[in-house]
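Structure, as structure tokens:
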């Protein structure tokens, strides 16, 4: 039995939005509204959904980029959601992040050496010589070399920058890495390089990933378990093959059928558009949040919000059809 | 055989900046036939967007067409004055861009913007133009178009905005529509809707479409012919079936292999293309893909390959396809 | 990065002949006022026999109402004007950058408080405030520098705050926050180097306005006092002799004009050079 490294319980993150009138109470944008899942040690959990569904907010809540509204974030069973300052620092050391945009994730005024050794500086690890050695070791690990030490980010291509970002994340030997759409800004021929590297590193260092993406084929490829989000809610979660082979929620089904297969013969089959747009998160539908676009919508769906139900081992879905 | 609507002949585009010149497009030939969707696939820096900006006469700043012709309905667009191009843009050739947010002016209503475009190109009264706008909005699937006419761009969702832009682009019934990554900024479910719409409209209006994208899934689903670009050159051209089932060029093969397989249950390791795209500021003597190709031979770095044909319409630019060289051994057969 | 900025500046200068002239003017005036002691004349030596002499070979700018060499006085005056410009710019830029980054980075209540304070300061006509303060303080170059410096940082703080807010959203700043970096280090390491170009532009324009401010103060007799000179005070004394010796007003006037204009042009060039270009990849 694997142990849970991270468990999120009923996570909520609300942002204050505009007031409806001067005396009216503040309206809240419920970016994440009650999300629960866990990630086993050494595994990859994939979080998918369309833009604005709250998947990035979940990730950033876990690494404590901001305070959450409600819920618990357990790291090896200890709730870190209310920790601050020094207490939090020992957890921060174990959690790292790789961002989506390789252009805005590296400070353009620093050299590669300064960028990668930043976490080492923060945690005061080693002296100057040892840090340099560690940086060189990391650069080689991600397929760059020591000639790159003194260069600036603008001298690198997108794929290389993402490698620098990975080297930086590895520098303080984390246990958990949040991968926030790490490949969506990269060229197709580079994406596979980065994904392979993430997998190799996971095997070598026993890393645990939360992999956030909107590209379902890559998420399926890299994840052991997957959660599907829609408008701040988790609508389905389960082992990745199970989700792909037996998608239960109508939204998951629609998402999967919207994936464009790179195969002209399957073309006629693959385009099956889901009608309509995502409703505004400021004013989500009452019952099931997917009800406005669901072709199976029943009366019940407009009134009662479905709860996650386990339909097969470790595979749960929030839908009244089950 | 269908007639060509647009022919690009030996086009070269170079950007001159203070550090020297960047040859973004290095001599390409292709044509667009009437009523087809031509896909141009390539990574960033492959020259696909620059090619299409040259067709529209919208190259800005230091970029110049240094060689070649762009023949549209028998006339070379490169010889046209800016005034003549203004007439052609929108009326004959329309373009839609990647980001639907920046393509609409936020201070005017969506309907007014489309009406203005119609009035600029056609001799219609405002009333007639408005009627036509609403017709167009309906055609691209915007619900309650009459009310939506008076909405501002921020009141539209991303998918709706892209629909409105398509309506604007098609409002003057252009013969050619250039769509530059029209779905990249959109979510997958919306992407499927927009592609479906483009396909439908092509049938209805018989518009030719050039679809620029980096996504092979998009190409497989809506294009009939494909041009694969890399390093400012065309690596391979053929029908979708040719490209996806019998690719000639190692680059095309590499691209297809680097995608995760979705069909099977077995998890196969991805096969990436090693290395990084070439820096176009450097002179490339041979094949631009030589540094990343698993089959590189000496000649690849020295001499630019010719095109070799497999059938009439399927060509690839690679020395491996040359029987006389490929026969000599040392390099690998597939 | 800094070498890239520099090359952008030289690139801009190459294309812009007005810019070349501005740099030339600033360099020449700076050198001339630093080397003013090489002049054969004592700026304060009175020579009543030679009052109000027209410009000639011996006295290129002529002499003033006390027979002092006007050219030498203008050089020493330039020293004062430029020193006031530079030093008060340093004071105001430092304050503006610190206040602006703190306000922008921490946001929330800190930001509201600081920005309202800035609003209040900005809504008081600075010039009159300086006039009043001046009345209580001993006139002199030092006080002028400090006063101008202390009352012209608000616009810089505003610009810096805006930039900081946009840089703060960059992922490398978020990354530093995630690994638990101290806020002061983040501001020093990630924010300030990236707003540096903006600060330089604002600082350059600030020099120009500081020089103008000093001239105005001195013109009103609140700045540099006799026998010392600055361009502003020279203008003041030239007033009385407009008819007999119009060149007394002309020379300091033209010097102020040229200097201020040059710094403004230079600021504009910096702005153009630091603007990100679309095709700069």
Q) Looking at (1) part of a helix (DSSP H, G or I); (2) within 14 Å of chain A (Cβ to nearest Cβ); (3) crowded, with 24+ Cβ neighbours inside 10 Å, which is the only condition residue B:182 fails? A) (1)
Q) Looking at residue B:260, is it closer than 27 Å to residue B:67 by Cβ, assigned to a loop (DSSP other than H, G, I, E, B), over 14 Å from the mean Cα position of the chain (by Cα) and at the interface with chain A (Cβ under 9 Å from one of its Cβ atoms)? A) no
Q. Residues A:201, A:210, A:231: which one is under 19 Å from residue A:160 (Cβ atoms), more than 10 Å from every other protein chain (Cβ to nearest Cβ) and either in contact (Cβ under 8 Å) with a residue 24 or more places away in the chain or under 16 Å from the mean Cα position of the chain (by Cα) (or both)?
A. A:201
(Q) Scan segment B:327-334 and tell me whether some residue there is part of a loop (DSSP other than H, G, I, E, B), surrounded by fewer than 17 Cβ atoms within 10 Å (Cβ to Cβ) and either modelled with pLDDT of 80 or more or within 12 Å of chain A (Cβ to nearest Cβ) (or both). (A) no
(Q) One residue is enough: does segment C:232-245 have a residue meeting the conditions within 17 Å of the chain's Cα centre (by Cα), crowded, with 19+ Cβ neighbours inside 10 Å and closer than 30 Å to residue C:126 by Cα? (A) yes
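Can we say residue C:152 is more than 16 Å from residue C:223 (Cβ to Cβ) and either within 14 Å of another protein chain (Cβ to nearest Cβ) or not in a helix (DSSP H, G or I) (or both)? Spell out the reasoning first.
Details: more than 16 Å from residue C:223 (Cβ to Cβ): no; either within 14 Å of another protein chain (Cβ to nearest Cβ) or not in a helix (DSSP H, G or I) (or both): yes.
When the stated conditions are applied, residue C:152 does not pass them.
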(Q) residue B:243 - would you say it is part of a helix (DSSP H, G or I), more than 8 Å from chain A (Cβ to nearest Cβ), in contact with a helix residue (DSSP H, G or I) (Cβ under 7 Å, 6 or more places away or on another chain) and touching a residue at least 12 places away in the same chain (Cβ under 8 Å)? (A) yes
**Q.** Subset of segment B:267-284 [under 22 Å from the mean Cα position of the chain (by Cα) and in contact (Cβ under 8 Å) with a residue 40 or more places away in the chain]
**A.** B:277, B:278, B:280
**Q.** Complete set of residues in segment B:37-73 that are within 14 Å of chain A (Cβ to nearest Cβ) and surrounded by fewer than 18 Cβ atoms within 10 Å (Cβ to Cβ)
**A.** B:44
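From the list A:190, A:166, which residue is more than 13 Å from chain B (Cβ to nearest Cβ) and within 19 Å of residue B:273 (Cβ to Cβ)?
Numbers: A:190 fails: more than 13 Å from chain B (Cβ to nearest Cβ).
When all the criteria are applied, what remains is A:166.
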Q) For segment C:171-195, what are the residues that are within 8 Å of chain A (Cβ to nearest Cβ) and touching a residue at least 24 places away in the same chain (Cβ under 8 Å)? A) C:193, C:194
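Restricting to strands (runs of 3 or more DSSP E) lying wholly in segment B:4-119: which have 3 or more residues that are farther than 30 Å from residue B:160 by Cβ? It would help to see each step written out before you state the result.
Values: elements: B:4-17, B:20-33, B:37-41, B:63-72, B:93-96.
So the answer is B:4-17, B:20-33, B:63-72.
Of everything in segment B:145-171, what is more than 14 Å from every other protein chain (Cβ to nearest Cβ) and either surrounded by 18 or more Cβ atoms within 10 Å (Cβ to Cβ) or assigned to a helix (DSSP H, G or I) (or both)? Give them in sequence order. Before you say what the answer is, go through the steps one by one.
Start the filter on segment B:145-171 by keeping residues that are more than 14 Å from every other protein chain (Cβ to nearest Cβ), which leaves B:145-147, B:149-150, B:152-153, B:165-171.
B:145, B:146, B:147, B:149, B:153, B:165, B:166, B:167, B:168, B:169, B:170, B:171 - these are the residues of segment B:145-171 that are more than 14 Å from every other protein chain (Cβ to nearest Cβ) and either surrounded by 18 or more Cβ atoms within 10 Å (Cβ to Cβ) or assigned to a helix (DSSP H, G or I) (or both).
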(Q) I'm checking my understanding of the structure. Among residues of segment A:272-289 that are over 22 Å from residue A:17 (Cβ atoms) and within 13 Å of another protein chain (Cβ to nearest Cβ), which one is surrounded by the fewest Cβ atoms within 10 Å (Cβ to Cβ)? (A) A:275
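Select from segment A:237-271 the residues that are modelled with pLDDT under 85 and either away from chain B (no Cβ under 12 Å) or not in a loop (DSSP other than H, G, I, E, B) (or both) and list them in ascending order.
Looking only at segment A:237-271, we keep the residues that are modelled with pLDDT under 85, and these are A:257-271.
Matches in segment A:237-271: A:257, A:258, A:264, A:265, A:266, A:267, A:268, A:269, A:270.
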Q. Exactly one of (1) in contact with a helix residue (DSSP H, G or I) (Cβ under 7 Å, 6 or more places away or on another chain); (2) touching a residue at least 40 places away in the same chain (Cβ under 8 Å); (3) closer than 30 Å to residue A:16 by Cα is unmet by residue A:295. Its number?
A. (3)
Q. Among the residues of segment B:206-230, which ones are more than 12 Å from chain A (Cβ to nearest Cβ) and in contact with a strand residue (DSSP E or B) (Cβ under 9 Å, 6 or more places away or on another chain)?
A. B:207, B:208, B:209, B:210, B:211, B:212, B:227, B:229
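Could you look through segment C:12-45, keep only residues that are over 19 Å from residue C:78 (Cβ atoms) and surrounded by 15 or more Cβ atoms within 10 Å (Cβ to Cβ), and pick out the one that is nearest to the other protein chains (Cβ to nearest Cβ)?
Here is the first cut: in segment C:12-45, the ones over 19 Å from residue C:78 (Cβ atoms) are C:12-20.
Then drop every residue that is not surrounded by 15 or more Cβ atoms within 10 Å (Cβ to Cβ), which leaves C:12-13, C:16, C:19.
On the way: C:12: 11, C:13: 12, C:16: 14, C:19: 16 Å.
The residue in question is C:12.
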**Q.** Odd one out for residue A:144, checked against (1) buried (at least 19 other Cβ atoms within 10 Å of the Cβ); (2) under 21 Å from residue A:100 (Cβ atoms); (3) within 25 Å of the chain's Cα centre (by Cα)
**A.** (3)
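Condition check: within 12 Å of another protein chain (Cβ to nearest Cβ), over 18 Å from residue A:178 (Cα atoms) and either surrounded by fewer than 20 Cβ atoms within 10 Å (Cβ to Cβ) or at pLDDT 95 or above (or both). Does residue A:85 satisfy that?
Working: within 12 Å of another protein chain (Cβ to nearest Cβ): yes; over 18 Å from residue A:178 (Cα atoms): yes; either surrounded by fewer than 20 Cβ atoms within 10 Å (Cβ to Cβ) or at pLDDT 95 or above (or both): yes.
When the stated conditions are applied, residue A:85 passes them.
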Q. Considering segment A:92-108 alone, what residues qualify as being farther than 13 Å from residue A:168 by Cβ and in contact (Cβ under 8 Å) with a residue 24 or more places away in the chain?
A. A:92, A:93, A:94, A:95, A:100, A:101, A:103, A:108
Q. Which of (1) touching a strand residue (DSSP E or B) at 6+ places or on another chain (Cβ under 7 Å); (2) in a helix (DSSP H, G or I); (3) modelled with pLDDT under 90 does residue A:184 not meet, given it meets every other one?
A. (2)
Q. Limited to segment C:6-39, what total is found for residues that are within 24 Å of residue C:60 (Cβ to Cβ) and either assigned to a helix (DSSP H, G or I) or free of Cβ contacts under 8 Å to residues at least 24 places away in the same chain (or both)?
A. 18
**Q.** Of the criteria (1) without any contact (Cβ under 8 Å) to a residue 60 or more places away in the chain; (2) surrounded by fewer than 17 Cβ atoms within 10 Å (Cβ to Cβ); (3) in contact with a strand residue (DSSP E or B) (Cβ under 9 Å, 6 or more places away or on another chain), which one residue A:70 fails
**A.** (1)
Q: Please go through segment B:143-171 and pick out each residue that is touching a helix residue (DSSP H, G or I) at 6+ places or on another chain (Cβ under 6 Å) and at pLDDT below 85.
A: B:159
Q. Among (1) in contact with a helix residue (DSSP H, G or I) (Cβ under 7 Å, 6 or more places away or on another chain); (2) more than 14 Å from every other protein chain (Cβ to nearest Cβ); (3) in contact (Cβ under 8 Å) with a residue 60 or more places away in the chain; (4) under 21 Å from residue C:201 (Cα atoms), where does residue C:64 come up short?
A. (4)
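The values are calculated or read from the model by the stated rules, or taken from the named source; none is laboratory data. Keep in mind that this is a model prediction, so the values were computed, not measured. Every residue, glycine among them, receives a Cβ derived from its backbone with ideal geometry; neighbour counts consider all protein chains shown.
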